[in-house]
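In what follows, a single structure is set out as C-alpha cells and then discussed.
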Amino acid sequence: MTENKKPKETDAVLGGQTTAPKRGAVLGGIEGLKQRLENSDPQERVIALQKAVQYGEEGLKLVAEATFGDKLELEQADQTPPEILALLDQDPVFRLKKRSENSNWKVRNEVASNPNTPLEILQQLAQDQDMELRGEVASHRNTPPEILQQLAQDEGVVVRREVASHRNTPPEILQQLAQDEGVVVRREVAFNPNTPPEILRQLARDEDWDVRKGIASNPNTPLEFLQQLAQSRNGDDVRQRDVVASNPNTPPEVLQQLARDEELVRSRVAQNPNTPLELLQQLARDESKGIRRGVASNPNTPPETLQQLARDEHKDVRREVASNPNFPLELLQQLARDEDVSLRIGVALNPNTPLELLQQLARDEHYGVRSEVALNPNTPLELLQQLARDEHYGVRSEVASNPNTPLGLLQQLARDEDKDVREGVASNPNTPPETLQQLDQDQDPSVRTKVASNPNTPLELLQQLARDEDVLVRYELASNPNIPPELLQQLLKEIILKPLYDEVPSHCNTPPEVLQQLARDKHGKVRYKVASHRNTLPEILQQLARDEDRLVRSGVASNPNLSLELLQQLARDEDWSVRKGVASNPNTPPEVLQELARDEDHRVRFWVPFNRQTPPELLQLLARDEHEWVRREANNSLRKRGFQL
C-alpha cells in the first residue's frame, strides 16, 4: 500500500524560487525542519525550533537535542511557545549548563557539587578561575581520572588535596601527589584507602606526623609497618599507637601488645571491632572506667561479658551495655525493668530493641526513658502518635524533632501549647513549607527563630522573616545558608544592629558587592571580617591592606586568598599583630617565613613554627631562639615531624 504523502495543514510546502519569509518554512514536514536546523544562521535555527512544537514528540525531540547556545537563544526569544519553554525548564543538563556560566561563584559552585552534573560541565568547571570551585570538581564523586590528572597539576593546594583524597585517583597520580610540597596533600594520600602499599611505605618516612597518622589508619598499610608503629616509644608516638589501635585491620597480635599500653591506647583497643574475644574479656576487668565503657560499646563483645558489665558500678558503662546491638534479647527485657533509669534509657536507645519493649518503655514513669523512645529510629508510627500526646513537653519535643515523624503529626505538634515542642517542629528538616508558614506567625520569637534558621524555609518566608519585629529572628535569618544575597543586602540596609553587622560580613553567602560596601564601614570589626572573608575581591583586600586599623590589616594578612605581593608587603608592617597574621597564613611561602623567623618581636616568631610551610631548617633555627616560648613551639613542631632532639 502506498504511504499517503499529503502534507498536513501545519506542514511547510515547497515554494517557488523567491526567498522564504523568516517565519515560514520552505520544505514540508519534519524533514524540512531538520534542514533548517543545519542553517549557519542562529536566528534561522531558533525560528525553526520555535515551530518544532507543531510536530509533536518528534519535533520536541529536536529541541532536546539542540545545542546549548540554540537552547539559550530559544529561551530568550519573544515568540517561543510555552510548551518549548516548559521543556527547557525541565531539562536538567540545560539548567546546570546555564548555572555553570553564571557570574556568581556561589551558583557555579552549586553546579560543581551537584551529584548529577554531567562530565562535559565538570570538564568546563575544572578550568574555572575560582580555586575553591575547582576543588569542588576535584571532590565530585563522578570526576573521571583524566580530569583528576589535570587537577593534580593545579596551583591551588586545596585542589590537589581533593584529588589526593578522591576514590577515582589512579595510583600513578597518587605517587606524584605523595611527593607534593603541600603537607595537606601528602596527608590525604596517606589516608586514601586506594593508595597502594608501596606508596604508603614511602610516606612512612614523611616528616609530618599527620601523614604518618594517615598511614597508621589506612586499611592498605602493610602489617610490618603497623607492628613498627605499635612498638614506637618516642616523642608523640603515643598518638601513632592510638591510631594503630583504632585501625580495624590491625591484627590481633598487635592489639594484644597495645592492650598493655597507656590508657588512651587501651581504650582504642577496647573499641576495635578486630579485638579478639579473650582480650575484650580481659579489658572488661580494667581499672579504668573509660576502657570498660569501650568494651561495653564494642559490637563484638560477647553476651556473657556484656552481662558482667551490666553490673558495673558506673552508670555510663551500664548504659553502653544496654545500648549495645549485641546485647541478647532476654537481657534487654531484664534491663527494661531495671530500677536504674540509665539502663532503661540505654535499652530505649538500642537499635535492636523489639517493638514490645519499646511499647513498654513508652509507658515508663521517667520522662527521660520515654524521650529516648521518641528518638529511636525504629519507633513505629503508632508509638510516635502516643508519645505526641505525652504529658511531658520534653517527650513531645523529641517527637517533634524526630526526622521520621510523619507530616500529619508534625502539623499537630505545630499547634502544641509548649514552645519547646513548636521549636522542635520548626527545626525539623522534614517540616513542610505550609507548616513552617504557620509557625512563621508564632507568637513566641524563639519559634520564629527556628523557622528562620531552617534550611528548608522557602524564599517567600525568608523575605517575610526579614521584616520580623524581633531582632533575634532577623539575626538568625542572616545565618541561614540559603538566604539570597539580595536579602542579606536588605538586612544590612534596614537593620541597625551591631551583632547583625557582625553576622553579615561573616556569612558564607555574602556576595562580593556587599563585602565591597562593608569594606567602607565605620566599624573596624566589620572591616576586619570583610578582610578575612573568602569572597572579598583582590582589589578590596589591597585597599584594606592600607587600612589605618591594625585589626583590619591583620585580617587581610591571615586571608588564605591573599596574593604573594601583599603577603610580602604585610610581612613588613609596623604592627606585630599584622606580621603575626602573615606568619600564620597557610599560604605564606618559606622565604617570607624566613624573614619573619628573624622578626624583632617574639610574638611574631612564636607563630612561625605553627605554619606547615615552615621548613625544618627554619624550625631548627627557632629552636635556638632567645625566647623560651619560641624555642618550645619550634621543638614541639620538630618532634611532630619526627625529628630527634
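Just checking: which of the helices (runs of 4 or more DSSP H) contained wholly in region 589-645 hold 2 or more residues that are among the hydrophobic types (A, V, I, L, M, F, W, C) and buried (at least 20 other Cβ atoms within 10 Å of the Cβ)?
Counting at least 2 such residues, we get 590-596, 616-622, 628-640.
For region 130-157, what are the residues that are more than 22 Å from residue 99 (Cα to Cα), surrounded by fewer than 19 Cβ atoms within 10 Å (Cβ to Cβ) and of a type in the set (A, V, I, L, M)?
Once the filter is applied, which keeps residues that are more than 22 Å from residue 99 (Cα to Cα), surrounded by fewer than 19 Cβ atoms within 10 Å (Cβ to Cβ) and of a type in the set (A, V, I, L, M), region 130-157 yields nothing.
Hey, among the residues in region 192-213 that are over 17 Å from residue 181 (Cα atoms) and at pLDDT 85 or above, which one's nearest to the chain's Cα centre (by Cα)?
So the residue we want is 192.
Kindly indicate which of 628, 595 is of a type in the set (D, E, K, R) and within 30 Å of residue 232 (Cα to Cα).
628
Which residue, of 79, 43, is exposed (fewer than 11 other Cβ atoms within 10 Å of the Cβ), within 26 Å of residue 90 (Cα to Cα), of a type in the set (S, T, N, Q) and modelled with pLDDT of 75 or more?
Step by step, each of 79, 43 is checked, and only 79 is exposed (fewer than 11 other Cβ atoms within 10 Å of the Cβ), within 26 Å of residue 90 (Cα to Cα), of a type in the set (S, T, N, Q) and modelled with pLDDT of 75 or more.
Which one is nearest to residue 317 (Cα to Cα) among residues in region 335-360 that are within 35 Å of the chain's Cα centre (by Cα) and part of a loop (DSSP other than H, G, I, E, B)?
Step by step, filter region 335-360, then rank; the result is 350.
Among the residues of region 536-546, are any crowded, with 22+ Cβ neighbours inside 10 Å, assigned to a helix (DSSP H, G or I) and not aliphatic (A, V, I, L, M)?
Taking every residue of region 536-546 in turn, none turns out to be crowded, with 22+ Cβ neighbours inside 10 Å, assigned to a helix (DSSP H, G or I) and not aliphatic (A, V, I, L, M).
Are any of the residues in region 224-236 under 30 Å from the mean Cα position of the chain (by Cα), in a helix (DSSP H, G or I) and either under 22 Å from residue 295 (Cβ atoms) or touching a residue at least 24 places away in the same chain (Cβ under 8 Å) (or both)?
Checked region 224-236: no residue is under 30 Å from the mean Cα position of the chain (by Cα), in a helix (DSSP H, G or I) and either under 22 Å from residue 295 (Cβ atoms) or touching a residue at least 24 places away in the same chain (Cβ under 8 Å) (or both).
Can you run down the residue pairs with Cβ atoms below 7 Å, 6 or more apart or on separate chains, where the first is in region 147-171 and in contact (Cβ under 8 Å) with a residue 12 or more places away in the chain and over 14 Å from residue 196 (Cα atoms) and the partner is among the charged types (D, E, K, R) and in a loop (DSSP other than H, G, I, E, B)?
160/154; 160/180
Pairs only if they're at least six apart or on different chains, beta carbon under 8 angstrom, first in region 189-211 and over 18 Å from residue 152 (Cβ atoms), second β-branched (Val, Ile, Thr); list them, first residue then second.
Pairs that qualify, where the first residue is over 18 Å from residue 152 (Cβ atoms) and the partner is β-branched (Val, Ile, Thr), are 197/221; 200/215; 200/221; 204/215; 208/183; 210/183.
Could you please give the count of residues in region 396-438 that are closer than 18 Å to residue 367 by Cα, assigned to a loop (DSSP other than H, G, I, E, B) and of a type outside the set (Asp, Glu)?
Number satisfying all stated conditions: 1.
Quick one: in region 370-383, which of the residues that are within 31 Å of the chain's Cα centre (by Cα) and part of a helix (DSSP H, G or I) is nearest to residue 342 (Cα to Cα)?
Top of the filtered list is 372.
Considering region 284-294 alone, what residues qualify as being out of contact with any Asp or Glu (no Cβ under 6 Å at 6 or more places or on another chain), surrounded by fewer than 23 Cβ atoms within 10 Å (Cβ to Cβ) and touching a residue at least 24 places away in the same chain (Cβ under 8 Å)?
289, 290
Test residue 365 against the criterion of being part of a loop (DSSP other than H, G, I, E, B) and farther than 20 Å from residue 310 by Cα, and give yes or no.
When the stated conditions are applied, residue 365 passes them.
The values are calculated or read from the model by the stated rules, or taken from the named source; none is laboratory data. Only a predicted model underlies this, so the values are computations on that prediction, with no experimental measurement involved. Glycine also receives a Cβ, built like all others from the backbone with ideal geometry; neighbour counts cover every protein chain displayed.
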